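Engineer: Sharing a structure, written as structure tokens. Questions coming.
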Amino acid sequence: MALTYAQIMTRTLQLLQDAGAAIYDATEMGFWIEDEISRISRYVPYFVDVIFQVESRSGTDSAGTASSLTDTSKSQFLAADATKEKVIHNTTDDTWAVVLTRTSSSVLTLSRDIMASGESYEIYNKRCKNKRQIYIGDMPSEYWDKVVSVEYPLGTERGFKKLGEVIELEVEDGTIQDSDSTLANLGKVDVLVRFAVPHLLIQATDTACELSADAAEGATTLSADGMGATELIEVGDQFTIENHRSTYIITVAVTTSGNAATLTFQPPLEAAASDNDDITFRKSTLTPSLEEILCQRAAARAMLSNTVTKLDGIAIGGANTYAKERQWAMDILGETTRTLTSMTRAIPYKVLPRA
């Protein structure tokens, strides 16, 4: 069974023969534990799969209304087009705008007056410039440069370019299927993005709760209760909801109040969730081997930090106390680094399809 944050703290202090935290206080040890989780994860990351969607709708404006887009032929506009800041590209004039509101399934209000009757348009994801791009900027920032693979359609790995908060699939335009949700035969729109991120070790002691109100499909916030009174929920913490296949990642830190909290997360809910549905936070992703290494490395880092106090004096242990403690810490860091290096997997070269 995975060790809790408190158990990791206890074992680390025991390695330093300071079980009562007389020398190394909990706040300081917390810093070293978090730092070493990040360092360990550079060698042995934790992989998280998140589903995004391509945006590839297109059509022709049928009205020419100022600062609007009207398409009575397809009637394919969604309420989420405004909340997700979908981009409109007038492909006739090569002009651009962002969706502000949805009046109906046939009418969108735009940030600029770019459309005239009979002109063609395409819709792209937020801050994207073509239908091969997806936006990952709503994920925690530490995820942005941690993309290791992309699949579209699901099961077909593709090459990709990382453009800041945007990922561009290296496929031909004709490979991207129509994302119009009104079609009788729906196109394949899901894109699986795999991130290699730091391991989790959450500080919350109560990791089970439940929804306190219904939540709609596509929501990125929900109300939860049944947790501890003052639990700290940090950015990057992960949870699952009963009957959902997705793992959700916290994007805004929050501390529970009255055993309740509003959770803000990504990706959006894959389906509606109901009041009293169970929510379970993932306590830890560390394996037993990585837990042992974490305790050793956190203790060594704490020891190195503490040697600073020995530079201008002679402590118990004699004149060489500083050197002895430093060598102890460096030996542990060296040994565990060699172990982590042996656990690192090489990334194989692949030739990926474009069509």
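FYI, it's all coordinate maths here, none of it is from the lab. Please read these numbers as outputs of a predicted model, since none were measured by experiment. Please note: Cβ atoms are built from the backbone with ideal geometry, for glycine as well, and neighbour counts cover all protein chains shown.
Engineer: At 222 nm, what helix-only mean residue ellipticity would the chain give, in deg cm²/dmol to the nearest 500, using -39500 (n - 2.57) for each DSSP H run of four or more? Each step should come with its number before you reach the end.
Structural biologist: Details: 5 runs with 75 residues, N = 355.
Rounded to the nearest 500, it is -7000 deg cm²/dmol.
Engineer: Here's a follow-up. Where Lys and Arg each count +1 and Asp and Glu each count -1, what net charge lies around L15 among other residues with Cβ under 11 Å from its Cβ? Walk me through the numbers before you get to the answer.
Structural biologist: On the way: positive: R11, R297; negative: D18, E292.
Once all neighbours under 11 Å are counted, the net charge is 0.
Engineer: What is the spin-label model distance, in nm, from K188 to D25 if the labels are put 7 Å beyond Cα along the C-beta direction?
Structural biologist: Between K188 and D25, the simple spin-label model gives 5.7 nm.
Engineer: OK, next. Quick one: length gained pulling Q53 to M330 fully straight, 0.36 nm per residue minus the C-alpha distance?
Structural biologist: Values: separation 277, 0.36 × 277 = 99.72 nm, distance 4.69 nm.
Between Q53 and M330, full extension yields 95.0 nm more.
Engineer: Report, to one decimal in Å, the Kirkwood hydrodynamic radius for segment 50-197 based on all distinct Cα pairs. Intermediate results must be reported in sequence, preceding the final value.
Structural biologist: On the way: mean 1/r = 0.0634 Å⁻¹.
Result for segment 50-197, one decimal place: 15.8 Å.
Engineer: I would also like to ask the following. Which distance in Å, rounded to a whole number, links the C-alpha centroids of segment 202-248 and segment 144-191?
Structural biologist: 28 Å
Engineer: Just to be sure I follow the rule: in the chain, considering lysines 8 or more places apart or on different chains, how many pairs have Cα atoms under 12 Å apart?
Structural biologist: On the way: K84/K126; K86/K126; K86/K129; K86/K131; K146/K162; K310/K324.
Going through the chain pair by pair, I get 6.
Engineer: Based on the Cβ-Cβ distance of A219 and S105, what FRET efficiency does E = 1/(1 + (r/R0)^6) give at R0 = 22 Å, to the nearest 0.05?
Structural biologist: Values: r = 21 Å, r/R0 = 0.93.
Efficiency, from the Cβ-Cβ distance: 0.60.
Engineer: Would you compute the Debye intensity of the chain from its alpha-carbon atoms alone, equal scatterers and no solvent, and pass along log10 I(q)/I(0) at q = 0.13 Å⁻¹ to two decimals?
Structural biologist: Result of the Debye calculation: -1.07.
Engineer: Using a Förster radius of 25 Å, what is the FRET efficiency between E270 and S38 based on their Cβ-Cβ separation? Nearest 0.05, please. Before the final figure, lay out each step's value.
Structural biologist: Details: r = 29 Å, r/R0 = 1.17.
For E270 and S38, the calculated efficiency is 0.30.
Engineer: Remind me, relative contact order of segment 1-95 in percent, using alpha carbon pairs under 8 angstrom and six or more residues apart? Let's see the in-between values first.
Structural biologist: Values: 25 pairs, mean separation 10.6, N = 95.
Normalised by residue count, the contact order of segment 1-95 is 11 percent.
Engineer: Another question, then. HN-Hα J couplings of segment 192-205 from phi, Karplus 6.51/-1.76/1.60, θ = phi - 60°, integer Hz, Gly and Pro as x?
Structural biologist: With the stated coefficients, segment 192-205 comes to 8, 10, 9, 9, 9, 10, x, 5, 9, 8, 7, 7, 4, 8 Hz.
Engineer: Roughly what would the spin-label model give for V308 and T280, points 7 Å off Cα along C-beta, in nm?
Structural biologist: For V308 paired with T280, the spin-label model returns 4.2 nm.
Engineer: Test of understanding: what is the full-extension gain from A323 to T247, defined as 0.36 nm times their sequence separation minus their Cα-Cα distance?
Structural biologist: Numbers: separation 76, 0.36 × 76 = 27.36 nm, distance 4.67 nm.
That works out to 22.7 nm of additional length.
Engineer: Please turn the phi angles of segment 96-105 into ³J(HN,Hα) values with the Karplus equation 6.51 cos²θ - 1.76 cosθ + 1.60 (θ = phi - 60°), one per residue in order, whole Hz, x for glycine and proline.
Structural biologist: In residue order, the calculated couplings are 9, 7, 10, 6, 9, 8, 10, 7, 7, 5 Hz.
Engineer: What shape does segment 114-170 have by the C-alpha gyration tensor, where a ≥ b ≥ c are the square roots of the eigenvalues, rounded means a/c under 1.5, and otherwise prolate means a/b greater than b/c and oblate the rest? Please list the in-between numbers first.
Structural biologist: Numbers: a/c = 3.25, a/b = 1.72, b/c = 1.89.
Oblate, since a/c reaches 1.5 and b/c is not below a/b.
Engineer: Hey, how many Å between the Cα centroid of segment 100-143 and the Cα centroid of segment 286-305?
Structural biologist: Between the Cα centres of segment 100-143 and segment 286-305 lies a distance of 47 Å.
Engineer: Further, regarding this structure: Quick one: net charge around T27, please, counting Lys, Arg +1 and Asp, Glu -1 for every other residue with C-beta under 15 Å from its C-beta.
Structural biologist: Working: positive: R301; negative: D18, D25, E28, E34, D35.
Its environment carries a net charge of -4.
Engineer: For the chain, what does the relative contact order come out to in percent, with C-alpha contacts under 8 Å and a separation of six or more? Present the calculation step by step, with values, prior to reporting the outcome.
Structural biologist: On the way: 738 pairs, mean separation 67.0, N = 355.
That works out to 19 percent.
Engineer: Can you give the angle from 0 to 90° between the axis of helix 5-15 and the longest principal axis of the chain, with both taken from C-alpha atoms, to the nearest 10?
Structural biologist: Helix 5-15 and the main axis of the chain meet at about 30 degrees.
Engineer: Show me, bin by bin at 10 Å from 0, the whole-percent P(r) of segment 17-74 based on Cα pairs.
Structural biologist: 16, 19, 15, 10, 11, 16, 8, 4
Engineer: Using the 2.2 N^0.38 Å rule of thumb for compact globular proteins, work out how segment 166-305 stacks up: its C-alpha Rg over that value, please. Provide the component values of the computation, followed by the final result.
Structural biologist: Details: Rg = 19.1 Å, N = 140, 2.2 N^0.38 = 14.4 Å.
My calculation over the Cα atoms of segment 166-305 gives 1.32.
Engineer: Working from Cα positions, state the angle (0 to 90°, nearest 10) between the long axis of helix 321-343 and the longest principal axis of the chain.
Structural biologist: So the inclination is approximately 40 degrees.
Engineer: State, to one decimal in nm, how far the label point of R338 lies from the label point of A355, with both points 7 Å from Cα in the Cβ direction.
Structural biologist: In this crude spin-label approximation the distance works out to 5.3 nm.
Engineer: Could I ask something else about it? Just want to confirm a number: the relative contact order over segment 50-197, from Cα pairs under 8 angstrom separated by 6+ residues, in percent. It would help to have the intermediate numbers written out before the result.
Structural biologist: Working: 354 pairs, mean separation 40.9, N = 148.
Relative contact order of segment 50-197: 28 percent.
Engineer: Moving to a separate point now. Evaluate E = 1/(1 + (r/R0)^6) for A116 and L163, where r is the Cβ-Cβ distance and R0 equals 22 Å; express this FRET efficiency to the nearest 0.05.
Structural biologist: Values: r = 31 Å, r/R0 = 1.39.
For R0 = 22 Å, the calculated efficiency reads 0.10.
Engineer: Another question about this same structure. Using Cα atoms only, what is the angle between the long axis of helix 288-306 and the major principal axis of the chain, expressed in degrees (0 to 90) to the nearest 10?
Structural biologist: Helix 288-306 sits roughly 60 degrees off the main axis of the chain.
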